[in-house]
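Visitor: Please find one structure pasted underneath; my questions will follow.
The values are calculated or read from the model by the stated rules, or taken from the named source; none is laboratory data. Everything quoted here is computed from the prediction, not taken from an experiment. Because the Cβ atoms are built from the backbone with ideal geometry, glycine has one as well, and the counts that use them run over all protein chains shown.
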């Protein structure tokens, strides 16, 4: 029996081991690719999707960190100059919403605060939250280069984001337009299409007598802003009315409305005739542009009817709807009312029904930029995992709409422009200053106070994270992989591709790996209100980061959602214990054998075991190379537990205790080398326990496992 290292005489304790090991890695400098050994030459780069710096990590972050660390550690061991850049996102609207909830609990409101005071308070809150978030990232074992960390409100980042806006403006790709936007009446800001959620809701469909027509609508309260009735030009029932002006009665007075023919009208919906309210409906606004119709706003920014609605002025939308219907019924103008289920756009943070409003905003012309992105994907410059997301990406690029990038919030990067309150024109801050005459109407310009949609800055993240436009780190661009959640195929991924191509004429990454959502053990979306939120840090504290990491990946195929059950993580804690105990047995029974001991004479059975192990090495390596991490983890788990621990160790017990030195030496060499190779291959998944075991394996010239070469077949 060999005397054991003291560590192995005790059970493995993640809580004591993991912080010490992480400190060892940080002190080694190997997270920084510039410090890697000479054999590391070809760059491999991942840019971390920057977690929001407004709270602790959630389960989805845990999966992101794990997958990206697996990729980075594997490539580093495989001889790549691996760079994983960490970051933190100020997260614009989302962070302001979090802080507004804090203000509400304190009995305060952002609407009664000075802009600078509010900004400074949110900054202090964010920087404090950022510390906790980064501690969580480290607790999960992330081997990222903290010396290159970026925050999306770093002065250099802000400067480049603003310069991109100026470039887009000068290139005619940014304009200030007077169009309908998605307005949240609670948070008092516009939102882009990807910041709204369509929720199935039950409403009433009201059939209202409109002169010679009956129109079907869910919004009778907007009748005061109607400017037309629209029919399909091919609808035989209504062709004769197109171009006529009709008189329509409503509870306050009468309206004179023009009848228009438009292909967008569905003859099968309702009666086939629609009331058109351009100021409060996106489709109606588009028709108003086509048919040169006026826009009459009758609902204000707070979701209340305005002075144009007579006695209904000051009523909230639902209150006004009920009253208008009551009055229409009294006039005999309601033909019938039906139950109606439809998708209603809501604010993705508070669930408030979106109110379309016509207001001046900054927009990016998406069609030419989206074509760049679509062409790059069609040319094979970017690969999607799983590949079905390529079609989704191309659909969005082929059917894009101009992007509203201005937000009426304090927290974020200010748009570097001036605006005219008279004609709504805009101008760059480099061309004009506050008080200068508007180039369009001559009235004084004022400084823009709107901030960018957070996707405008995060869309430039792969470049900003490596210090663009400085040349120092551009050897790491384009990056190799963008790993992120599948829900961001609509929001973030297209914007990164677009900005990368627009600013550098190169794609920002070669591969997009999309993971699914992490749900609760029943497959339900995690929600604080449901009380089913599972914290990755709580699970780490309880079972260790290694158990959480491998539990998040095994059985988790790319693009598909994961049901996270605590029992599963507990099971992988048992696996880590199995590895520790197997290591104890091997080191107790190998005598003087070390990893430097030449291969001895092996029995035919030993050669058979080695041949099977070589196949496993090749298979597992192939899984790593081809982003099949769920399969790599599964094969490693089953080989170690079912083959190595349950079969090989059991077979070798009698041989390591025998007096036959040839048989004994072969068994000892085989046990140690299979164990060591498994430890290497398991390292990307469970880096803490494998680094701890590697330190006590007998060998010369000890160095950290994090930079050990990836194993090859024997």
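Visitor: Looking only at the range 217-240, how many residues end up being surrounded by fewer than 20 Cβ atoms within 10 Å (Cβ to Cβ) and either touching a helix residue (DSSP H, G or I) at 6+ places or on another chain (Cβ under 7 Å) or touching a residue at least 24 places away in the same chain (Cβ under 8 Å) (or both)? It would help to see each step written out before you state the result.
Guide: Going through the range 217-240, the residues surrounded by fewer than 20 Cβ atoms within 10 Å (Cβ to Cβ) turn out to be 218-219, 233-237, 239-240.
Retained after the next criterion (residues that are either touching a helix residue (DSSP H, G or I) at 6+ places or on another chain (Cβ under 7 Å) or touching a residue at least 24 places away in the same chain (Cβ under 8 Å) (or both)): 218-219, 233-235, 237.
Final tally of qualifying residues: 6.
Visitor: Specify the residue that is surrounded by the fewest Cβ atoms within 10 Å (Cβ to Cβ); the eligible residues are those in the range 664-688 that are farther than 20 Å from residue 78 by Cα and in contact with a helix residue (DSSP H, G or I) (Cβ under 7 Å, 6 or more places away or on another chain).
Guide: Narrowing the range 664-688 to residues farther than 20 Å from residue 78 by Cα: 664-672.
If we keep only those that are in contact with a helix residue (DSSP H, G or I) (Cβ under 7 Å, 6 or more places away or on another chain) too, we end up with 664, 666-668, 670-672.
Details: 664: 20, 666: 22, 667: 28, 668: 23, 670: 29, 671: 25, 672: 22.
My answer is 664.
Visitor: Could I ask something else about it? Can you tell me which condition residue 638 does not meet? The list is (1) surrounded by fewer than 18 Cβ atoms within 10 Å (Cβ to Cβ); (2) touching a helix residue (DSSP H, G or I) at 6+ places or on another chain (Cβ under 6 Å), and all the others hold.
Guide: Against the list (1) surrounded by fewer than 18 Cβ atoms within 10 Å (Cβ to Cβ); (2) touching a helix residue (DSSP H, G or I) at 6+ places or on another chain (Cβ under 6 Å), residue 638 comes up short only on (2).
Visitor: Go through (1) over 30 Å from residue 132 (Cβ atoms); (2) crowded, with 19+ Cβ neighbours inside 10 Å; (3) within 28 Å of the chain's Cα centre (by Cα) and name the single condition residue 562 misses.
Guide: (1)
Visitor: Sort out which residues of the range 180-195 are farther than 18 Å from residue 369 by Cβ and in contact with a helix residue (DSSP H, G or I) (Cβ under 8 Å, 6 or more places away or on another chain), and write them in order of number.
Guide: Here is the first cut: in the range 180-195, the residues farther than 18 Å from residue 369 by Cβ are 180-191, 195.
Scanning the range 180-195 gives 180, 182, 187, 188, 189, 191, 195.
Visitor: Take the conditions touching a strand residue (DSSP E or B) at 6+ places or on another chain (Cβ under 8 Å) and over 30 Å from residue 167 (Cβ atoms) and apply them to residue 552. Does it pass? Step through it out loud before you land on a result.
Guide: Values: touching a strand residue (DSSP E or B) at 6+ places or on another chain (Cβ under 8 Å): yes; over 30 Å from residue 167 (Cβ atoms): yes.
Criteria met by residue 552.
To keep it simple, each residue is scored yes or no on (1) buried (at least 22 other Cβ atoms within 10 Å of the Cβ); (2) over 21 Å from the mean Cα position of the chain (by Cα); (3) under 21 Å from residue 638 (Cα atoms).
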residue	(1), (2), (3)
550	yes, yes, yes
557	no, no, yes
568	no, yes, yes
573	no, yes, yes
580	no, yes, yes
585	no, yes, yes
588	no, yes, no
594	no, yes, no
598	no, yes, no
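Visitor: While we're here: Please enumerate the residues belonging to the range 392-443 that are closer than 22 Å to residue 173 by Cβ, in contact (Cβ under 8 Å) with a residue 12 or more places away in the chain and out of contact with any strand residue (DSSP E or B) (no Cβ under 8 Å at 6 or more places or on another chain).
Guide: Matches in the range 392-443: 394, 396, 397, 398, 400, 401, 423, 430, 440.
Visitor: Residue 475: surrounded by 14 or more Cβ atoms within 10 Å (Cβ to Cβ) and either farther than 19 Å from residue 175 by Cα or more than 33 Å from the chain's Cα centre (by Cα) (or both), yes or no?
Guide: On the way: surrounded by 14 or more Cβ atoms within 10 Å (Cβ to Cβ): no; either farther than 19 Å from residue 175 by Cα or more than 33 Å from the chain's Cα centre (by Cα) (or both): yes.
In short, no.
Visitor: Here is a further query. Report, by residue number, each residue of the range 359-371 that is part of a helix (DSSP H, G or I) and surrounded by 21 or more Cβ atoms within 10 Å (Cβ to Cβ). Let's see the steps before the verdict.
Guide: Within the range 359-371, the subset part of a helix (DSSP H, G or I) is 366-371.
Scanning the range 359-371 gives 369, 370.
Visitor: Working carefully through the options 579, 498, 537, find the one that is touching a helix residue (DSSP H, G or I) at 6+ places or on another chain (Cβ under 9 Å), assigned by TED's automatic domain parsing to the domain that holds residue 685 and in contact (Cβ under 8 Å) with a residue 12 or more places away in the chain. Can you show your working first?
Guide: Values: 498 fails: assigned by TED's automatic domain parsing to the domain that holds residue 685; 537 fails: assigned by TED's automatic domain parsing to the domain that holds residue 685.
Selected residue: 579, the only one of 579, 498, 537 that is touching a helix residue (DSSP H, G or I) at 6+ places or on another chain (Cβ under 9 Å), assigned by TED's automatic domain parsing to the domain that holds residue 685 and in contact (Cβ under 8 Å) with a residue 12 or more places away in the chain.
Visitor: Quick check, is residue 279 at pLDDT 95 or above, within 37 Å of the chain's Cα centre (by Cα) and closer than 15 Å to residue 228 by Cβ?
Guide: On the way: at pLDDT 95 or above: yes; within 37 Å of the chain's Cα centre (by Cα): yes; closer than 15 Å to residue 228 by Cβ: yes.
Considered against the rule, which asks whether it is at pLDDT 95 or above, within 37 Å of the chain's Cα centre (by Cα) and closer than 15 Å to residue 228 by Cβ, residue 279 comes out as yes.
Visitor: Let me ask something else. Give the residue, chosen from 165, 213, that is in contact with a helix residue (DSSP H, G or I) (Cβ under 9 Å, 6 or more places away or on another chain), crowded, with 20+ Cβ neighbours inside 10 Å and not assigned by TED's automatic domain parsing to the domain that holds residue 267.
Guide: Values: 213 fails: not assigned by TED's automatic domain parsing to the domain that holds residue 267.
Every option except 165 fails the conditions.
Visitor: Can you spot a residue in the range 605-621 that is part of a loop (DSSP other than H, G, I, E, B), modelled with pLDDT of 95 or more and either within 18 Å of residue 550 (Cα to Cα) or out of contact with any strand residue (DSSP E or B) (no Cβ under 7 Å at 6 or more places or on another chain) (or both)? I'd like the intermediate steps shown before the answer.
Guide: Within the range 605-621, the subset part of a loop (DSSP other than H, G, I, E, B) is none.
Within the range 605-621, none of the residues are part of a loop (DSSP other than H, G, I, E, B), modelled with pLDDT of 95 or more and either within 18 Å of residue 550 (Cα to Cα) or out of contact with any strand residue (DSSP E or B) (no Cβ under 7 Å at 6 or more places or on another chain) (or both).
Visitor: Hey, could you check the range 372-391 for residues that are touching a residue at least 60 places away in the same chain (Cβ under 8 Å) and part of a helix (DSSP H, G or I) and say which is surrounded by the most Cβ atoms within 10 Å (Cβ to Cβ)? Write out each step before concluding.
Guide: Quick first cut of the range 372-391, residues touching a residue at least 60 places away in the same chain (Cβ under 8 Å) only: 372-373, 376-377, 381-386, 388-389.
Subsequent filtering for residues that are part of a helix (DSSP H, G or I) retains 372-373, 376-377, 389.
Details: 372: 17, 373: 28, 376: 19, 377: 20, 389: 18.
Out of the qualifying residues, it is 373.
Visitor: Regarding residue 286, is this residue assigned to a helix (DSSP H, G or I) and either under 14 Å from residue 183 (Cβ atoms) or within 38 Å of the chain's Cα centre (by Cα) (or both)?
Guide: Working: assigned to a helix (DSSP H, G or I): yes; either under 14 Å from residue 183 (Cβ atoms) or within 38 Å of the chain's Cα centre (by Cα) (or both): yes.
Spelling it out, residue 286 is indeed assigned to a helix (DSSP H, G or I) and either under 14 Å from residue 183 (Cβ atoms) or within 38 Å of the chain's Cα centre (by Cα) (or both).
Visitor: Right, here's the next one. All but one of (1) surrounded by 17 or more Cβ atoms within 10 Å (Cβ to Cβ); (2) more than 30 Å from residue 96 (Cα to Cα) hold for residue 431, so report the exception by its number.
Guide: Single failed check for residue 431: (1).
Visitor: Pick from the range 512-533 the residues that are more than 15 Å from residue 64 (Cα to Cα) and in contact (Cβ under 8 Å) with a residue 60 or more places away in the chain: which of them is surrounded by the fewest Cβ atoms within 10 Å (Cβ to Cβ)?
Guide: Of all residues in the range 512-533, those more than 15 Å from residue 64 (Cα to Cα) come to 520-533.
Okay, now just the ones that are also in contact (Cβ under 8 Å) with a residue 60 or more places away in the chain, so 526, 533.
Details: 526: 18, 533: 13.
Going through the qualifying residues, I end up with 533.
Visitor: If residue 511 satisfies every condition in (1) more than 22 Å from residue 52 (Cβ to Cβ); (2) outside any loop (DSSP other than H, G, I, E, B); (3) in contact with a helix residue (DSSP H, G or I) (Cβ under 9 Å, 6 or more places away or on another chain) but one, which is the exception?
Guide: Going through (1) more than 22 Å from residue 52 (Cβ to Cβ); (2) outside any loop (DSSP other than H, G, I, E, B); (3) in contact with a helix residue (DSSP H, G or I) (Cβ under 9 Å, 6 or more places away or on another chain) one by one, residue 511 breaks only (3).
Visitor: Please indicate, with yes or no, whether at least one residue in the range 332-348 is in contact with a helix residue (DSSP H, G or I) (Cβ under 9 Å, 6 or more places away or on another chain), in the same structural domain as residue 261 (by TED's automatic domain parsing), without any contact (Cβ under 8 Å) to a residue 12 or more places away in the chain and surrounded by fewer than 18 Cβ atoms within 10 Å (Cβ to Cβ).
Guide: No, because not a single residue in the range 332-348 is in contact with a helix residue (DSSP H, G or I) (Cβ under 9 Å, 6 or more places away or on another chain), in the same structural domain as residue 261 (by TED's automatic domain parsing), without any contact (Cβ under 8 Å) to a residue 12 or more places away in the chain and surrounded by fewer than 18 Cβ atoms within 10 Å (Cβ to Cβ).
Visitor: Another question, then. Restricting to the range 327-357, name every residue that is part of a helix (DSSP H, G or I) and closer than 14 Å to residue 201 by Cα. If you could, list the steps in order and put the result at the bottom.
Guide: Looking only at the range 327-357, we keep the residues that are part of a helix (DSSP H, G or I), and these are 327-330.
Of everything in the range 327-357, nothing turns out to be part of a helix (DSSP H, G or I) and closer than 14 Å to residue 201 by Cα.
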